[in-house]
Amino acid sequence: MMPGSLRIGKIVGIDIAFHVSWLIIAVLLSWSIETGWFSVRYPGWSVTTYWTLSILATVSKT
């Protein structure tokens, strides 16, 4: 396993892990979608709605 990776499980003897950099990328992508897409395209929604949708969009794309 690479240094900086977080092990999330094992399937059929194969370690499943993701690198910490993916978490950083996901946070930046969510922030970008929230500020540059949802808040501009759909004004008037709550901040919680913007963040929830941007996180869901990020998870569905990565």
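The values are calculated or read from the model by the stated rules, or taken from the named source; none is laboratory data. Just so it is clear, the structure is predicted and the values come from calculations on it, not from any experiment. Cβ sites come from the backbone with ideal geometry, for glycine too, and all protein chains shown count toward neighbours.
Points to keep in mind about this one:
- Scanning region 1-11 for residues that are surrounded by 10 or more Cβ atoms within 10 Å (Cβ to Cβ) and under 21 Å from Ser60 (Cβ atoms) gives a single hit, Leu6.
- The single condition among (1) β-branched (Val, Ile, Thr); (2) surrounded by 10 or more Cβ atoms within 10 Å (Cβ to Cβ); (3) more than 13 Å from Ala57 (Cα to Cα) that Ile14 does not meet is (2).
- Counting the residues of region 1-32 that are assigned to a loop (DSSP other than H, G, I, E, B) and either within 12 Å of the chain's Cα centre (by Cα) or not hydrophobic (A, V, I, L, M, F, W, C) (or both) gives 3.
- Close pairs (8 angstrom Cβ cut-off, 6 or more residues apart or separate chains): more than 13 Å from Ala26 (Cα to Cα) in region 42-62, small (Gly, Ala, Ser) and part of a helix (DSSP H, G or I) anywhere: Trp45/Ser39; Tyr50/Ser39
- Ser60 meets all of the listed conditions (1) modelled with pLDDT of 90 or more; (2) in a helix (DSSP H, G or I) but one, namely (1).
- Of the residues examined, Ser60 is one that is hydroxyl-bearing (Ser, Thr, Tyr) and exposed (fewer than 11 other Cβ atoms within 10 Å of the Cβ).
- Residues satisfying the stated conditions in region 27-44, i.e. of a type outside the set (Ser, Thr, Tyr) and in contact with a helix residue (DSSP H, G or I) (Cβ under 7 Å, 6 or more places away or on another chain): Leu29, Ile33, Glu34, Phe38
- The residues of region 18-41 that are among the hydroxyl-bearing types (Ser, Thr, Tyr) and either loosely packed, with under 13 Cβ neighbours inside 10 Å or touching a residue at least 24 places away in the same chain (Cβ under 8 Å) (or both), listed by number, are Ser21, Ser30, Ser32, Thr35.
- Condition check for Ile33: of a type outside the set (Gly, Ala, Ser) and touching a strand residue (DSSP E or B) at 6+ places or on another chain (Cβ under 6 Å): no
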